[in-house]
Amino acid sequence: LNPEWELKISNDTDINLYLQEHLEKADWKRIKREPMVEKCDLWRLLKMYREGGVYVDIDRMHNQPFSKIITTNETKMLLPLCNQDTYPTMN
């Protein structure tokens, strides 16, 4: 459905390594023993801020190509809602 996009799947180890590499040492020390749920939230925000792209949970189904939803390089955020045909954006 989206052949022009690169798919990256990250596991807990990947997330911990990314956080350790991209946070200040004091910040990593503060969160390294926190549950993965909290670390995943931080990782997701940090990864999107630093690298951009699209984040989608692994269990999310798509029935439209991203090129139909993301129409310009100016799109900053998509907020899909349940049973809605259009996608509000934040520019």
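The values are calculated or read from the model by the stated rules, or taken from the named source; none is laboratory data. Since we're looking at a predicted model, the values are computed, not measured. All Cβ positions, even for glycine, are placed from backbone atoms using ideal geometry, and neighbour counts span all protein chains on display. The area values use the complete protein model at the heavy-atom level, side chains included, leaving out ligands, DNA and RNA. Shrake-Rupley method; radii C 1.70, N 1.55, O 1.52, S 1.80 Å.
Quick notes on this one:
- Within the range 12-38, residues that are open to solvent by 90 Å² or more (accessible area, probe 1.4 Å) have Cβ atoms under 7 Å from residues that are small (Gly, Ala, Ser) and assigned to a helix (DSSP H, G or I) in no pair, counting only partners at least 6 apart in sequence or on another chain.
- Among the residues making up the range 16-54, those that are of a type in the set (D, E, K, R) and under 28 Å from GLU6 (Cα atoms) are GLU21, GLU38, LYS39, ASP41, ARG44, LYS47, ARG50, GLU51.
- Residue under evaluation LEU46, criteria (1) surrounded by 11 or more Cβ atoms within 10 Å (Cβ to Cβ); (2) modelled with pLDDT under 80; (3) within 16 Å of the chain's Cα centre (by Cα), criterion not met: (2)
- Cross-chain or 6+ apart pairs with Cβ under 9 Å, the range 46-60 first and basic (Lys, Arg), then open to solvent by 80 Å² or more (accessible area, probe 1.4 Å): LYS47/TYR55
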